[in-house]
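K.L.:
Mind having a look at this structure? Questions to follow.
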Amino acid sequence: MTRELELARIRLGRGEPAAAAELLGPLLAAEPDHVAALVLMTHAQLALKRPDLADELARRAVDHAPESPDALAVLSRVHTELGRHDEAIAAARAAADRQPENPYRFHRLAWALIEEGRHPVEAEHAAREAIRLDPEEADFRITYAMVMKQLNLIERARQALRDALGLAPDNAVARHELAALDVAGHHPFALTRLARGASGLVGALRADPRQDASRFLLDVALRQFLVYTAIILVLLSFVGWRTAGASVLGARLAAAAAVLIPVAYAGYFVNRLDPSLRGYLRGLLAHGRQRIAVAAAGLAFVLLLAALVAPAAWLGGLLGAATAAGFAVRLLTAPAAR
């Protein structure tokens, strides 16, 4: 039985919960109250997205061994999964009280508090205690970073994630979270940060190609860049259209700016991308609505270039049409809702 239990633990660690559950099934059929098997089976069922079954298994483990830190910790995980945050925190605290030298108990307590969301300072204390007990574990640094994000201490979160990558350079979660900090919450002209974030998401996907969140956020980051480029085009074209009747020179200058500034903006961003991302961006522009957006952008630039040399009487029409084309680009490049 010990061998099967160890094999199940290895399979679970490799991300094979179905295989682990298959190994644990006969063990629990022979010994329904085997606490270690119940705990592992609970973790497997959580990974298989069966929280109700996991809840039943965790309760059986705690009923049979109410003082077991492992049983209490896994019950806390189940409570968190089911949104029972007060119960999750209570179970995590009980596990930490019974095994205060185990950093994973404080790690679980920190996550229970993070998910509950109302006690970030206490979560920070728990996360720091986990790091104190085991300063070489990268996951604890990631958890601390999540608490710092909750406290809106972004630079401290960023440093914690860098520390995690120093301990585990291929950690996909740390790479994703660090890139997400660069992608989220930046202003439209923070192009270096946006490009760094997008390139970081590529690193996260290389570390773990199953990271759907990284793939989605990468798509969002590139679409944000396209949207900002379109907004600049629209605004400058609109300024030219509005001034066409009053100042021919002003309208032509606005038309020139509407060509040059978006091109410079896009070039600056693309030049800072990971080289592999440039191909990804080209692929993004070659499909679906983005192809229409590229055609609309091309039309807008043709109209703007024409406005530089066209007769004054044509300026209003050309710049108005360029504004409309740019607005179409803005709508077509908007990030898709998830």
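K.L.:
Per-residue accessible area for HIS125 at 1.4 Å probe radius, Å² rounded to 10?
P.N.:
The value for HIS125 is about 100 Å².
K.L.:
Select from GLN99, HIS79, PRO66 the residue farthest towards the positive end of the dipole of region 57-101; place +1 on Cβ of Lys and Arg, -1 on Cβ of Asp and Glu, and compute about the Cα centre.
P.N.:
Comparing the listed Cα positions along the dipole, HIS79 ranks first.
K.L.:
About the Cα centre of region 259-338, how large is the charge dipole given +1 on each Lys and Arg Cβ and -1 on each Asp and Glu Cβ? Please answer in debye to the nearest 20.
P.N.:
280
K.L.:
Convex hull volume of the Cα atoms in region 1-97, per residue, in Å³?
P.N.:
Convex hull volume per residue, Cα atoms: 84 Å³.
K.L.:
Here's something else I'd like to know. Leaving out ligands and nucleic acids, note down the accessible area per residue over region 188-296 with a 1.4 angstrom probe, in whole Å².
P.N.:
49
K.L.:
Another one. Using the Kyte-Doolittle scale, which helices in the chain average at least 1.6 and also have C-alpha atoms spread 27 Å or more along the helix axis, with helices defined as whole DSSP H runs?
P.N.:
Span-like helices, by this rule, are 288-309.
K.L.:
Right, something else. Dipole of region 131-208 (Lys/Arg Cβ +1, Asp/Glu Cβ -1, origin at the Cα centre): which of GLN150, ALA168, ALA204 lies farthest to the positive side?
P.N.:
GLN150
K.L.:
To the nearest Å, what is the center-to-center distance of region 281-334 and region 89-104, using C-alpha atoms only?
P.N.:
60
K.L.:
Sort 66-72, 254-260 by the packing proxy (mean of other Cβ within 10 Å over each peptide's residues), most packed first.
P.N.:
254-260, 66-72
K.L.:
Hey, any idea what % of the chain's accessible area is carbon plus sulfur with a 1.4 Å probe?
P.N.:
It is 59 percent, rounded to a whole number.
K.L.:
Using 1/(1 + (r/R0)^6) with R0 = 22 angstrom and r between the beta carbons of ARG223 and ARG272, what's the FRET efficiency to the nearest 0.05?
P.N.:
After rounding, the FRET efficiency stands at 0.80.
K.L.:
Separate question: Can you compute the charge dipole magnitude of the chain about its Cα centre, using +1 on each Lys and Arg Cβ and -1 on each Asp and Glu Cβ, nothing else charged? Give it in debye, rounded to the nearest 20.
P.N.:
Here the size comes out at about 2140 debye.
K.L.:
Then there's this: Whole number please: convex hull volume per residue of the Cα set in the chain, in Å³?
P.N.:
152
K.L.:
Where Lys and Arg each count +1 and Asp and Glu each count -1, what net charge lies around ALA297 among other residues with Cβ under 13 Å from its Cβ?
P.N.:
Counting the neighbours of ALA297, the net charge comes to +3.
K.L.:
Could you please put SER237, SER276, SER199 in sequence from largest to smallest accessible area, using a 1.4 Å probe?
P.N.:
Sorted by accessible area, descending: SER276, SER199, SER237.
K.L.:
Follow-up. Could you work out the Kirkwood radius for region 46-176, taking every pair of different alpha carbons, averaging 1/r and inverting it, reported in Å?
P.N.:
By the Kirkwood definition, the hydrodynamic radius is 14.9 Å.
K.L.:
Now for a different question. Let me understand region 168-282 better: what is its radius of gyration from the alpha carbons, and its Dmax, in angstrom?
P.N.:
When restricted to the Cα atoms of region 168-282, Rg and Dmax are 17.5, 62 Å.
K.L.:
Grab the beta carbon distance between ALA19 and ARG84, set R0 = 25 Å, and tell me the FRET efficiency rounded to 0.05.
P.N.:
Efficiency, rounded to the nearest 0.05: 0.30.
K.L.:
Further question on the same structure: If each residue of separation counts as 0.36 nm, what is the full-extension length gain between PHE216 and ALA246 once their alpha-carbon separation is subtracted?
P.N.:
Full extension from PHE216 to ALA246 adds 6.2 nm.
K.L.:
How much net charge surrounds VAL62 when only other residues with a Cβ under 13 Å from its Cβ are counted (Lys, Arg +1; Asp, Glu -1)?
P.N.:
Counting the neighbours of VAL62, the net charge comes to -3.
K.L.:
Using the Cα atoms of region 254-338, I'd like the radius of gyration and the largest Cα-Cα distance, Dmax, both in angstrom.
P.N.:
Calculated on Cα positions, Rg and Dmax stand at 14.6, 47 Å.
K.L.:
Along the charge dipole of the chain, Cβ charges K/R +1 and D/E -1, which of PRO311, GLY298, HIS43 sits furthest on the positive end?
P.N.:
Result: PRO311, furthest along the dipole toward the positive end.
K.L.:
With +1 on each Lys and Arg Cβ and -1 on each Asp and Glu Cβ, and nothing else charged, work out how big the dipole of region 91-199 is about its Cα centre, in Debye to the nearest 20.
P.N.:
Here the size comes out at about 280 debye.
K.L.:
Expressed as a whole percent, how much of the Cα-Cα distance distribution for region 30-74 exceeds 12 Å?
P.N.:
51
The values are calculated or read from the model by the stated rules, or taken from the named source; none is laboratory data. On a predicted model such as this, the values are computed, not experimentally measured, just so you know. Methodologically, a virtual Cβ is constructed for each residue, glycine included, from the backbone with ideal geometry; neighbour enumeration extends over all protein chains shown. We work out accessible area using only protein heavy atoms, side chains counted, and drop any ligands, DNA or RNA first. Shrake-Rupley method; radii C 1.70, N 1.55, O 1.52, S 1.80 Å.
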